[in-house]
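A short reminder: the numbers here are calculations on the coordinates, not readings from a lab. From a predicted model like this one, the values you see are computed outputs, not experimental measurements. Every residue, glycine among them, receives a Cβ derived from its backbone with ideal geometry; neighbour counts consider all protein chains shown.
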Amino acid sequence: MTLFLRELKVRQYRSVRSIALPVERLSVFLGANGAGKTNLYRALELVQAAAAGTLAADLAAEGGLDSAIWAGTRKRHEEARIALAVDLGATPGDAPGPSAFGYSVEVGYPYPTAAAFAAEPQVKEEALVHRHGRREIKLLERRGPQLIARDEAGARAEFDADLMASETALSRLEDPSRFPDLQTVKAALLDWRFYHDLRTDAASPLRRPCPAVASPTLASDGANLAAVFATLTHIRQDTAALDQTVADAFPGARLMVPEPGRAASFGLALPDYPHRVFEAHELSDGTLRFLGLAGALLAYRLPGFIALNEPESSLHPDMLAPLGRLIARAAERTQVWVVTHSERLAAAIAEHGAVTPRTVVKADGATTVRGLKAWGFADEDEDED
């Protein structure tokens, strides 16, 4: 079952004091440097890290809780905790659906008596609920070391899952036959892909041939890009969308994907040099990055959720309109989240994807989204009146 992200809630994470953000099938967030849009993107990565069992490690890699937690003032008696929550359902946005799942996790500092390092992130609370109409069933409930879960038969039981305080229960309970709903939610979160690290330097994986293994989805670092193109070309034998996208971005150019041997590779034939194919290691940074994004968004099988962080980086302004069309097209097949500096890219996505870009701003030092109300989004013009 496909589960769409319907809402993201974040509290006390970096510049985010507290926010409840509705998420559509195609969401575009526009903002200046320092507004905090990357923190919203990063919060999504941390939700996936909770499913993967790397939440504490990922926060530690950010510099630990001292760096990651909200640095502003807190209400009296309010604990210093990072809280993340998502609402997942069978339909995107606010469209009515038969049921939904809600997952939440709170992370804070260890207690003085805990067997943990002084600044190690600790899971304080965690919950998974299933909502069907007005009915809500708690499938997983954790407070500190106490863990209660409901199995397929509906029975609630305390578990001694040998959980460390830095581990999430979502990642540790791994019995699909006993906890099928938990496994469904975990699988949906682990299927998300984040494309912000499509490097184009000389040592970039995008510039190298890769093992010739059928690849339906692009890896987060793009290391299997050549195999993704080869899968479309020689296994699916359908490159119409890919060819159209390449011609849109590079008029007169053709993507060349030879039959793989042990390795897969690709190149670009340019109209000014009809007898020459430029291989991946010869392409400009912008050209290679665009092709990487094309691989992510046109692959044989798209993940259930794709997040793009500043995809316009290294691209010539003339490529932003083709990129906007590419993103809008991908949103017909999956759910897409975009954060960008570029008003031109946001406008192109809006034109072809029938979406309203949202502006991320700072208000009293905290990240928020213009027009965001308790019930969802109001028009930005209405919000300013």
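DSSP finds beta bridges in region 199-351, and of those with both partners inside it, around 60 percent are antiparallel.
Charge dipole (Cα centre; +1 on Lys/Arg Cβ, -1 on Asp/Glu Cβ; no other charges) of region 199-351 amounts to roughly 420 debye.
In the chain, taking the dipole from charged Cβ atoms about the Cα centre, the farthest positive-side position among His352, Phe229, Ala214 is held by Ala214. Per residue, the convex hull spanned by the alpha carbons of region 250-313 comes to 121 Å³.
Hey, with R₀ at 35 Å, roughly what FRET efficiency would Ala155 and Glu79 work out to, going by the Cβ-Cβ distance, to 0.05?
0.65
Ordering Thr168, Ala35, Gly365 by the projection of their Cα atoms onto the charge dipole of the chain, which places +1 on the Cβ of Lys and Arg and -1 on the Cβ of Asp and Glu, puts Thr168 at the extreme positive end. Using just the C-alpha positions of region 199-351 as equal point scatterers, what log10 of I(q)/I(0) does the Debye formula give at each q in 0.18 1/Å? For region 199-351, the Cα-only Debye profile gives -1.09.
Positive contributions from Lys and Arg (+1) and negative ones from Asp and Glu (-1), summed over other residues with Cβ under 15 Å from the Cβ of Glu78, come out at +4.
For Ala219, the amide hydrogen comes within under 5 Å of the amide hydrogens of Asn224, counting only partners 5 or more places away or on other chains and with H modelled in the peptide plane. Evaluated at q = 0.22, 0.24, 0.29 Å⁻¹, a Debye calculation over the C-alpha positions of region 178-239 (equal weights, vacuum) places log10 I(q)/I(0) at -0.89, -0.95, -1.12. Kindly provide the helix-only [θ] at 222 nm of the chain, computed as the sum of -39,500 (n - 2.57) over DSSP H runs of four or more divided by all residues, to the nearest 500 deg cm²/dmol? Result for the chain, helices only: -7500 deg cm²/dmol. The slack between Tyr300 and Tyr111, meaning 0.36 nm per residue of separation minus the straight C-alpha distance, is 63.2 nm. Per residue, the average separation of C-alpha pairs within less than 8 Å and at least 6 apart gives the chain a relative contact order of 19 percent. The mean of 1/r over all distinct Cα pairs in region 210-287, once inverted, gives the Kirkwood hydrodynamic radius of 12.9 Å. Taken about its Cα centre, region 173-285 carries a charge dipole of about 220 debye when Lys and Arg each add +1 at the Cβ and Asp and Glu each add -1 at the Cβ.
When the alpha carbon coordinates of region 1-153 are projected onto the principal axes, the ranges are 46, 44, 31 Å, largest first.
Our summary of shape: the Cα atoms of the chain have principal axis extents of 70, 54, 43 Å, ordered from largest down, in whole angstrom. Think of each Lys and Arg Cβ as +1 and each Asp and Glu Cβ as -1; about the Cα centre, that makes the dipole of the chain roughly 420 debye. Each Cα pair under 8 Å and six or more residues apart adds its separation to the average, and for region 199-351 the resulting relative contact order is 22 percent. Roughly how tilted is helix 320-330, in degrees to the nearest 10 and between 0 and 90, from the longest Cα axis of the chain? Roughly 60 degrees, rounded to the nearest 10. Modelled spin-label separation between Arg131 and Ala57, with each label point placed 7 Å from Cα along the Cα-to-Cβ direction: 3.3 nm.
Expressed as a whole percent, how much of the Cα-Cα distance distribution for region 129-263 exceeds 22 Å? Taking all Cα-Cα pairs of region 129-263, the fraction more than 22 Å apart is 59 percent.
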